[in-house]
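Worksheet: one structure, shown below.
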Amino acid sequence: QVQLVESGGGLVQAGGSLRLSCAASGNISINFMGWHRQAPGKQREFVANILSGSNTNYADSVKGRVTISRDNAKNTVYLQMNSLKPEDTAVYYCFATTTKLYWGQGTQVTVSS
């Protein structure tokens, strides 16, 4: 079982930055970690993921503005978001995969214009 706890969301003006964190605990041997997001009235969508090391993937909508990184010693994944836009407003959900898929509870990111 894996527990994921996110932090770092909040309210920011357009053009600003936020850094999200997600710490995993439990009996874990994690493969992928990453983030999805869900805006009001929309389906949850992929943002970014990272395998151990530097193997990363990004959604086209955030590429160039977002950097995902991972501290394997801390079982923590980070999402550095720069040049934020109002359309980035969403609840951001951390996920982790072992032989199962686990989700965090979500953290709200609101970008004002």
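Values for this structure:
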{"read-out": "Identity of the residue in region 102-113, farther than 11 Å from Gly34 by Cα and at pLDDT 95 or above, that ends up most open to solvent (accessible area, probe 1.4 Å)", "value": "Gln105"}
{"read-out": "Residue match in region 80-91 (condition: of a type in the set (S, T, N, Q), farther than 20 Å from Ala23 by Cβ, in contact with a Ser or Thr (Cβ under 9 Å, 6 or more places away or on another chain) and open to solvent by less than 50 Å² (accessible area, probe 1.4 Å))", "value": "yes"}
{"read-out": "Strands (runs of 3 or more DSSP E) contained entirely in region 1-69, each with at least 3 residues that are surrounded by 15 or more Cβ atoms within 10 Å (Cβ to Cβ) and at pLDDT 95 or above", "value": "18-26, 33-38, 45-50"}
{"read-out": "Tabulated pairs, region 67-80, first free of Cβ contacts under 8 Å to residues at least 60 places away in the same chain, second open to solvent by 10 Å² or more (accessible area, probe 1.4 Å) and of a type in the set (Lys, Arg), C-beta under 8 angstrom, 6+ apart or interchain", "value": "Thr76/Arg70; Val77/Arg70; Tyr78/Arg19; Tyr78/Arg70"}
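Results for (1) farther than 25 Å from Gln1 by Cβ; (2) free of Cβ contacts under 8 Å to residues at least 12 places away in the same chain; (3) among the polar types (S, T, N, Q), shown as yes or no for each residue.
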residue: Gly16; (1), (2), (3): yes, no, no
residue: Ser25; (1), (2), (3): no, no, yes
residue: Cys94; (1), (2), (3): no, no, no
residue: Thr98; (1), (2), (3): no, no, yes
residue: Thr110; (1), (2), (3): yes, no, yes
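The values are calculated or read from the model by the stated rules, or taken from the named source; none is laboratory data. Quick caveat, the model's predicted, so the values are computed rather than measured. Don't worry about glycine lacking a Cβ; one is built from the backbone with ideal geometry, like all the others, and counts go over all protein chains shown. Protein only, heavy atoms only, side chains kept; ligands, DNA and RNA dropped before computing areas. Shrake-Rupley method; radii C 1.70, N 1.55, O 1.52, S 1.80 Å.
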